[in-house]
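> Got a structure for you, written out below as structure tokens; questions coming shortly.
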Amino acid sequence: MRKRIIPVVLMSLSVLAVACGDDDDTATTNAPDDTSGPTTPAGECTLETPLHIGFAADLGELGAFSDQPGSEAAQVMVDKINDAGGVGGLPIEYEVKDIQGDPAATQRAAQELLDDGVNALIGPPFASTGAPLLDTVDGQAPIIFMASTDVTLADPSRGAFLASFSDPVQSAAMAEWALRNGHTTAVTLSSQDDVYFSGNPEYFTTVFEEGGGTVVQDFAYTLADSDFSTQVDGIAALETPTVLFTAMVMPQTQVLLEQLHNAGLDDIVVLGVDGFDATVVWSAGDVANGVYFAAHTFPQDSNGVEQFLADAAAAGANIETISFGALAADAVQILAAAATEACSVDAATLISTIDGLVNQPVVTGTVTYAGTGGVPEKDVVILTVENGEPTFVEAVRPTNIPGG
């Protein structure tokens, strides 16, 4: 069954917040059984030092599609938790530093955040800046990579966790969706400019071909390209594949879709991953109708996404996407839940506590880290575009995960 999304300003469900537990070392989170509203502080857990979260955010470069809305969404969740009593009787402190999409700037920002006394961090989406952040912090505080799907950034031994599923998971989900729907031939488009743009097509190819499909050819592009006529001509020269898979992001995706349409290749089903969601592929207009892509969440009765986005809109936050505001809220909730459960903001304690979380309530539903290697167990939400709107198709967990 498919469900259309309504504008953010009209969304109204509810959201989970975290609260403080008992005053011993095994304080527990007071989580509700539903998403009827934020929790209120419980027990007598008292922290002497506040939970201080720093966001090393890429606000103006490639990662801005996630970190701009994410940084604002994190502030909204911090405010919600503080309004409900904070963590350990103290308000969460929150600050953002722009890493400018630059590894050296990332390292400087990370050290500045540590010098400012942060005891938990939220990190950027790509390994090019995520790895320098991890190298600089290196266990001095837990890091939740809010929007990253790069499995190499998940390392609990160094205090690093993803808030989302990984690239092997989302690409496998799309490959298995294609096979289930009778597609047996595909092409891929990949870029070597970042492992996100090359790794996802590789994972897709592995699962698609192991499931009986054939990837006829991979076509290369760069993130600087503004024309894909060469690639489209190459696709047209093939015995027409039934699907095209890419991790491309807007505005390049729009150009590709338009050129496929102009070449008469509308029968090819274009498949993408969370970059389609992050960069709002449905804004491309009619050419985006009929694309399918992996997403991190979608407003459902079982989660608090609609209410959170409504709260964010009411707070004046500029959150254009669905998933990347919700994931930022999740990241704050995970850190607050760990500080609550441990009744501590000690780095090693927070890291071990996050690594043991099971079915922790968050805006997008629940997350489990115990035994996952830092990549939470979460569904992949598959969406399509109908009449210019993202539309729910299904939520799945793939069976064949490369490297899994």
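The values are calculated or read from the model by the stated rules, or taken from the named source; none is laboratory data. Everything quoted here is computed from the prediction, not taken from an experiment. All Cβ positions, even for glycine, are placed from backbone atoms using ideal geometry, and neighbour counts span all protein chains on display.
> Filter segment 329-343 for residues that are at negative phi and either in contact with an Asp or Glu (Cβ under 8 Å, 6 or more places away or on another chain) or of a type in the set (D, E, K, R) (or both) and give the result. Quick ask: steps written out before the conclusion?
Initial filter on segment 329-343 (at negative phi): 329-342.
Listed by number, the residues that qualify are D330, E341, A342.
> Same structure, new question: Only one of A331, A339, A284 is under 24 Å from M250 (Cβ atoms), buried (at least 24 other Cβ atoms within 10 Å of the Cβ), in contact with a strand residue (DSSP E or B) (Cβ under 9 Å, 6 or more places away or on another chain) and at pLDDT 95 or above. Can you tell me which? Spell out how you get there, then give the answer.
Numbers: A339 fails: under 24 Å from M250 (Cβ atoms); A284 fails: buried (at least 24 other Cβ atoms within 10 Å of the Cβ).
The conditions single out A331.
> Oh, and also: Surrounded by fewer than 24 Cβ atoms within 10 Å (Cβ to Cβ), modelled with pLDDT under 95 and of a type outside the set (D, E): does that describe G404?
Working: surrounded by fewer than 24 Cβ atoms within 10 Å (Cβ to Cβ): yes; modelled with pLDDT under 95: yes; of a type outside the set (D, E): yes.
Yes, satisfied.
> For a quick check of your reading of the model, give me the residue pairs whose first member lies in segment 65-76 and is within 15 Å of L121 (Cβ to Cβ) and touching a residue at least 60 places away in the same chain (Cβ under 8 Å), whose second is among the β-branched types (V, I, T) and assigned to a helix (DSSP H, G or I), with beta-carbon atoms closer than 6 Å and at least 6 apart or on different chains.
Matching pairs, first to second residue: A74/V332.
> With the condition kept exactly as written, say whether any residue in segment 360-377 is acidic (D, E) and in contact (Cβ under 8 Å) with a residue 60 or more places away in the chain.
Applying the first criterion (acidic (D, E)) to segment 360-377 yields 377.
Retained after the next criterion (residues that are in contact (Cβ under 8 Å) with a residue 60 or more places away in the chain): none.
No; the residues of segment 360-377 include none that is acidic (D, E) and in contact (Cβ under 8 Å) with a residue 60 or more places away in the chain.
> Also, I was wondering about something else. What's the number of the only condition in (1) touching a Gly at 6+ places or on another chain (Cβ under 6 Å); (2) part of a helix (DSSP H, G or I) that N303 fails to meet?
It is condition (2) that N303 fails.
Here is a yes/no grid of residues against (1) within 24 Å of N200 (Cα to Cα); (2) β-branched (V, I, T):
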position	(1), (2)
I53	no, yes
S71	no, no
V87	no, yes
D102	yes, no
G117	no, no
I122	yes, yes
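> Within segment 351-364, does at least one residue satisfy the condition of being closer than 21 Å to G54 by Cα, part of a loop (DSSP other than H, G, I, E, B), in the same structural domain as S148 (by TED's automatic domain parsing) and within 18 Å of the chain's Cα centre (by Cα)?
yes
> While we're here: Report whether or not G88 is crowded, with 21+ Cβ neighbours inside 10 Å and in contact with a Gly (Cβ under 6 Å, 6 or more places away or on another chain). Can you show your working first?
Details: crowded, with 21+ Cβ neighbours inside 10 Å: yes; in contact with a Gly (Cβ under 6 Å, 6 or more places away or on another chain): no.
When the stated conditions are applied, G88 does not pass them.
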